[in-house]
1. Which of the residues spanning segment 250-279 are more than 11 Å from the ligand (Cβ to nearest atom), farther than 20 Å from Gly168 by Cβ and either surrounded by 15 or more Cβ atoms within 10 Å (Cβ to Cβ) or among the β-branched types (Val, Ile, Thr) (or both)?
2. Select, from Cys207, Cys189, the only residue that is crowded, with 20+ Cβ neighbours inside 10 Å, more than 13 Å from the ligand (Cβ to nearest atom) and under 15 Å from the mean Cα position of the chain (by Cα).
3. For segment 150-163, state whether one or more residues are surrounded by fewer than 22 Cβ atoms within 10 Å (Cβ to Cβ) and under 28 Å from Ala223 (Cβ atoms).
4. With respect to Ala143, determine if the residue is among the small types (Gly, Ala, Ser), touching a strand residue (DSSP E or B) at 6+ places or on another chain (Cβ under 6 Å) and either modelled with pLDDT under 95 or more than 30 Å from Lys19 (Cβ to Cβ) (or both).
5. Could you run through segment 223-245 and say how many residues are outside any strand (DSSP E or B), in contact with a Ser or Thr (Cβ under 9 Å, 6 or more places away or on another chain) and among the hydrophobic types (A, V, I, L, M, F, W, C)?
6. Identify, please: which residue in segment 110-143 is aromatic (Phe, Trp, Tyr) and closer than 28 Å to Thr91 by Cα and is, among those, surrounded by the fewest Cβ atoms within 10 Å (Cβ to Cβ)?
7. Please find, among Gln229, Gln171, the residue that is at pLDDT below 95, farther than 24 Å from Asp59 by Cβ and buried (at least 21 other Cβ atoms within 10 Å of the Cβ).
8. Where residues in segment 26-81 are of a type in the set (Asp, Glu) and not in a loop (DSSP other than H, G, I, E, B), which of them is surrounded by the most Cβ atoms within 10 Å (Cβ to Cβ)?
Amino acid sequence: MSQVTELGYVGFGISDPGKWKEYATGVIGAEWHEAGDVAYLRLDLWHHRIALHKDASDDLLYVGWRVSDEPALQAMAERLRAGGIACTAGTPAEAASRRVLGLLKLESPGGIPTEIFYGPEVHAHRPFHPGRPLFGRFRTGDALGLGHIVLREDGGAESFYHLLGLRGTVQYKVQLPGGLVATPLFMHCNERQHSLAFGLGPMPKRCHHLMLEYTHMPDMGMASEIARQRHVRFSMAIGTHANDGALSFYTESPSGWQVELGWGVQPPSTHVEYYTEDVWGHGVGANLDEAGYGIGPDTRSR
Ligand code: FE
């Protein structure tokens with residue numbers, strides 16, 4: 001059965017390339033290169049994993065999910081059409097601009113421009129050169145994808161992503177103010193515990209956060225220290241998630257949506273379970289000091 005195998009690439013509109021260059025290279029450690037109006041972030045040997053297009057949206061423009069090859073792309077197109085999802089074949093020019101051999105274009109229930117592609121351009125001849133010194137590298141290899149993304153989606157999103165081949169379910173029941181309970185869904189398509197999540201409640205942008213993972217924990221720790229020294233706004237303090245086991249923290253990107261930088265993501269569990277809180281940390285809001293380390297009482301229940 002044709003199914004997506006990894007979160008391959010993402011594209012964002014950005015209004016301030018200068019701030020983004022400082023943040024992406026200096027805090028995250030991504031490799032930066034530019035061509036015309038587009039800045040590309042490289043995390044591994046691929047031509048790029050993240051494309052930053054100069055525009056005023058400061059939001060997600062498209063998400064690219066990978067399938068293995070051209071027959072898998074054709075099988076996916078047939079399955080989508082049989083499932084009542086409209087999709088069109090990308091033109092050769094569109095494929096060239098995404099640096100892939102072929103793609104399908106469609107829209108998710110939440111209006112996220114979604115692309116399914118095969119054949120990324122891999123610059124095997126060009127070693128990955130991080131934007132700042134790293135002890136390790138970004139953990140993307142063996143088709144783990146670039147990380148995970150949390151999207152603003154609508155009803156019907158679960159069956160839409162099932163059709164793409166992602167699997168998963170509710171993994172948290174989170175108490176919200178006013179007695180509401182959020183039940184976000186986390187979906188996977190490979191050995192990364194989740195590549196996609198949605199259902200966190202209303203959010204101002206299509207993208208809530210993008211998570212990137214380091215192979216070495218000190219690279220995450222240094223990212224946290226550099227962000228603190230540069231007075232980058234933290235949106236969630238360091239902590240460990242209960243579902244993917246990742247040690248991570250969140251800062252605001254120059255576009256307002258968040259970037260989660262982490263280490264230690266576990267594979268998906270074979271049996272469903274859910275959590276009501278993280279293992280530790282990940283404090284938010286007023287209990288965050290500038291360093292992103294929690295101060296004062298936790299805003300959560302304990
Ligand atoms: Fe996350």
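1. If the condition is that a residue be more than 11 Å from the ligand (Cβ to nearest atom), farther than 20 Å from Gly168 by Cβ and either surrounded by 15 or more Cβ atoms within 10 Å (Cβ to Cβ) or among the β-branched types (Val, Ile, Thr) (or both), then Thr251, Glu252, Ser253, Pro254, Ser255, Trp257, Trp263 are the ones that fit.
2. Numbers: Cys207 fails: more than 13 Å from the ligand (Cβ to nearest atom).
Being crowded, with 20+ Cβ neighbours inside 10 Å, more than 13 Å from the ligand (Cβ to nearest atom) and under 15 Å from the mean Cα position of the chain (by Cα) holds for just one of Cys207, Cys189, which is Cys189.
3. For segment 150-163, residues surrounded by fewer than 22 Cβ atoms within 10 Å (Cβ to Cβ) and under 28 Å from Ala223 (Cβ atoms): absent.
4. Spelling it out, Ala143 is indeed among the small types (Gly, Ala, Ser), touching a strand residue (DSSP E or B) at 6+ places or on another chain (Cβ under 6 Å) and either modelled with pLDDT under 95 or more than 30 Å from Lys19 (Cβ to Cβ) (or both).
5. Selection size over segment 223-245: 4.
6. Checking each candidate, the answer is Tyr118.
7. From the options Gln229, Gln171, the qualifying one is Gln171.
8. The residue in question is Glu31.
The values are calculated or read from the model by the stated rules, or taken from the named source; none is laboratory data. Keep in mind it's a predicted model, so treat the numbers as computed, not measured. Every residue, glycine as well, gets a Cβ built from its backbone with ideal geometry; the counts of neighbours run over all protein chains shown.
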